[in-house]
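> Input: one structure, supplied below.
The values are calculated or read from the model by the stated rules, or taken from the named source; none is laboratory data. Just so it is clear, the structure is predicted and the values come from calculations on it, not from any experiment. Here Cβ is always computed from backbone atoms with ideal geometry, including for glycine, and neighbour counts include all displayed protein chains. For the accessible areas, the whole protein counts, side chains as well, though only heavy atoms, and no ligand, DNA or RNA atoms are used. Shrake-Rupley method; radii C 1.70, N 1.55, O 1.52, S 1.80 Å.
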Amino acid sequence: MTTETKVSNKLHVTNSKEENVFLQKILTHGELIAALLSGAIILTTWALTDLMPYAAWVVLHIIAFIIGGYAQAKEGIIDTIEEKELNVELLMIIAAIGSAAIGYWTEGAILIFIFALAGALETYTLNKSNKEISSLMELQPEEARMIENGVEKMIPVSQLRINDYIYVRAGERIPADGKITNGSTSVDESPITGESIPVTKEINSDVFAGTVALNGSITIQLTKEAHETTFQKIIEMIQSAKEEKSPAQLFIEKFEGTYVRTVLISVAILMFLPYFLFGWSLTESIYRAMILLVVASPCALVASIMPATLSAISKSAKNGVLFKGGVHAESLSQMKAIAFDKTGTLTNGTPEVTDVYVHPDYNEAEIHEAVGAIENESSHPLAVAIKSYSLDFLEKSQFDVTVKEMKTVSGKGVIGFIRDKQWFVGKENFASHKNTTEHFYGTKASELAKEGKTIVYVGLNDQIVAIYALKDTVRKEAKEAIAALKKRGIYTIMLTGDNELTAKAVAKETGINDFVAECLPDEKVVYIKNLIKEHEKVAMIGDGINDAPALAIADVGIAMGEGTDVALETADVVLMKNDLSKITEAIKTSSKMNRIVKQNVFFSLAVIGVLIVSNFFQAIDLPLGVIGHEGSTILVILNGLRLLK
């Protein structure tokens, strides 16, 4: 192949891509382009009215009708046939044709133009919400580097199966959910959690599809099928949210058919009744009937809800709150009480070392090194927390901390030998067999226990030489979230299966109104039902399998993004960033959405009422009716778009 041919092919590929992009833009903005073209033809025709034959003038208007009204007419006719119900689109086409039939070609064309422009704006709103799904889907790799019998090969992500191994190089996007089996890296998890700070991932760490391995290559064992990944579920939840309509939207759509029939009957009556009863001319009666057909069409009313709802869902999704439908976006701001699970919801879900006391006669560094080395052999959550706390000491250690003869005593603790010293880590009577109440820590252990903390004792030479206090710490944003909810007059309660002491400590720290301890899953359901009787509208926030029944029974179920699959599927709303402060933001968005919907409905009904009365008293003509009616439609759509800010 010659150089000229290669260059020619390269240019051809580039031009093809540019043409595809251009065509895609035309398809995306087709309605808007058609509306503007229709408007341009109308303007040109109006400007050249005195310079062209009447036949050409009419033909140009017909062209404007077809270009501007094609999309709406097609939608109206298809929907009428499929649903066997009259709709606004059909009503507007009849109004435009009726205007032309009595000689008002320009007014009919303007009606089509403004109606098409309003439709294009509504499509823009829908495209705006679709844009987020498209951008998310682009983050999902189509191929993965699979490792089979030590050999790498590229295969489609759809062919991956659970327990397959894949290799991801530094800088590449992770194609599927799994656990790291080799290597370590920093991962940009912003597509999943919204957090901009990369997270360090090592062996056994969970990684998610759509995230990026920044500075290290890793081998991953898959834990989920491609269609079951967290990333895919986010996309599905946003898609389902767009399809599910709010009660207000459903009412308007149900009301639309009846209203359109009423308008058409009223138009038929107005064509002849004033002619016989009020002495109007037949031309005037038909003219007023056409104006009624225009001004009484509920375009603005129909457009009052959907753009605002889609805008609210899109804005919330961008902020890490996923609504599974317009009904939940509408309902959230109506909640009078919110029940919280404790572990993983109000708290981080994993214990942390909060207090450490070491015997003054022993070397602190040596104790931390020994305990850290012993706990490193265990996968128990408390052991993991203590190991994490001791990590700095282990890294700086200049001694051999190899653990020998490691032994676990079920229900009591672990024993290990380090440099010929026998260490005990566990319960108090396990760490030391001495029957004495005089320990170096005095009453500290009991005081810490009253705060809801778990105490781990360290024994050496049959003497307790250190104590570690651990606690599932409260999320940083939990206190602010609870305070903000209470400020809005929302009653807050914690339902937890944990013991009374721990529950009381967490309730006190978060400032929650009330709590119920040692609460089983079925008991949570009972409490939610009682709360509904007392407060009418109740939401439940949880993350575990045990929370799923309560999430289902609540008026609005809210799941933490890192929760179990069952909780995520049961919930109506998902906090993808695990940030409780997003609850108050979502409530504000819901309130604003409902407020805008009410504004739109009131405004659109008021405009329709004023125009109908004005028409009956012959105070408006067809052009003014067109501008008033379609102008109000555009205004309510633009008002709904304010939520995108």
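> Report every pair of residues separated by at least 6 positions or lying on different chains whose Cβ atoms are under 7 Å apart, first residue within segment 352-377 and under 15 Å from LYS421 (Cα atoms) and open to solvent by less than 10 Å² (accessible area, probe 1.4 Å), second part of a loop (DSSP other than H, G, I, E, B) and of a type in the set (Ser, Thr, Tyr).
Partner pairs satisfying both residue conditions: none exist.
> Ok, one more. Return yes or no: is THR80 modelled with pLDDT under 80, part of a helix (DSSP H, G or I) and touching a Ser or Thr at 6+ places or on another chain (Cβ under 8 Å)?
On the way: modelled with pLDDT under 80: yes; part of a helix (DSSP H, G or I): yes; touching a Ser or Thr at 6+ places or on another chain (Cβ under 8 Å): no.
In short, no.
> To continue, here is another question. Could you list, in sequence order, all residues of segment 196-227 that are β-branched (Val, Ile, Thr) and within 17 Å of ILE155 (Cα to Cα)? Write out each step before concluding.
Taking segment 196-227 and keeping what is β-branched (Val, Ile, Thr), we get 197, 199-200, 203, 207, 211-212, 218-220, 223.
Listed by number, the residues that qualify are THR219, ILE220.
> I'm trying to understand the selection: among the residues of segment 395-431, which are crowded, with 17+ Cβ neighbours inside 10 Å and either among the hydroxyl-bearing types (Ser, Thr, Tyr) or under 42 Å from the mean Cα position of the chain (by Cα) (or both)?
Correct list: SER397 only.
> Further question on the same structure: Only helices (runs of 4 or more DSSP H) wholly contained in segment 364-448 count here; list those with 3 or more residues that are within 17 Å of THR354 (Cβ to Cβ).
It comes to 364-375, 381-396.
> From the list ALA300, ALA312, ALA329, exactly one residue is in contact (Cβ under 8 Å) with a residue 24 or more places away in the chain, farther than 18 Å from PRO623 by Cα and in contact with a Leu (Cβ under 9 Å, 6 or more places away or on another chain). Which is it?
The conditions single out ALA312.
> Is there a residue in segment 311-321 that is on the phi < 0 side of the Ramachandran plot, among the polar types (S, T, N, Q) and part of a strand (DSSP E or B)? Before you say what the answer is, go through the steps one by one.
Taking segment 311-321 as the starting set, the residues that turn out to be on the phi < 0 side of the Ramachandran plot are 311-319, 321.
Retained after the next criterion (residues that are among the polar types (S, T, N, Q)): 311, 314, 316, 319.
Checking the rest, the ones that are also part of a strand (DSSP E or B) come to none.
No, segment 311-321 contains no residue that is on the phi < 0 side of the Ramachandran plot, among the polar types (S, T, N, Q) and part of a strand (DSSP E or B).
> One residue is enough: does segment 328-346 have a residue meeting the conditions of a type in the set (Lys, Arg) and in a helix (DSSP H, G or I)?
For segment 328-346, residues of a type in the set (Lys, Arg) and in a helix (DSSP H, G or I): present.
> Moving on to the next point. What pairs come up if the first residue lies in segment 464-475 and is part of a strand (DSSP E or B), the second is crowded, with 22+ Cβ neighbours inside 10 Å and of a type in the set (S, T, N, Q), and their beta carbons are under 6 Å apart, counting only those six or more places apart or on different chains?
These pairs meet every condition: ASP472/THR347; VAL474/THR347; VAL474/THR510.
> Continuing with this model, one more query. Only residues that are in a helix (DSSP H, G or I), among the aliphatic types (A, V, I, L, M), within 30 Å of LEU322 (Cβ to Cβ) and open to solvent by less than 30 Å² (accessible area, probe 1.4 Å): list them for segment 574-621, please.
Across segment 574-621, the qualifying residues are ILE583, ALA586, ILE587, MET593, ILE596, VAL597.
> Which pairs have Cβ atoms under 7 Å, sit 6 or more apart or on different chains, and link a residue in segment 51-66 that is touching a residue at least 12 places away in the same chain (Cβ under 8 Å) and at negative phi to one that is loosely packed, with under 13 Cβ neighbours inside 10 Å and hydroxyl-bearing (Ser, Thr, Tyr)?
TRP57/THR49
> Conditions first: (1) over 30 Å from LEU264 (Cα atoms); (2) open to solvent by less than 10 Å² (accessible area, probe 1.4 Å). LYS315 passes all but one, so which condition is the exception?
Tallying (1) over 30 Å from LEU264 (Cα atoms); (2) open to solvent by less than 10 Å² (accessible area, probe 1.4 Å), LYS315 fails exactly one: (2).
> Condition first: surrounded by 18 or more Cβ atoms within 10 Å (Cβ to Cβ), under 30 Å from PHE115 (Cα atoms), modelled with pLDDT under 85 and not acidic (Asp, Glu). Can you find one or more residues in segment 225-238 that meet it?
Yes, the conditions are met somewhere in segment 225-238.
> Out of the residues in segment 561-573 that are touching a residue at least 60 places away in the same chain (Cβ under 8 Å) and part of a loop (DSSP other than H, G, I, E, B), which is surrounded by the fewest Cβ atoms within 10 Å (Cβ to Cβ)?
Per the stated criteria, the residue is GLU562.
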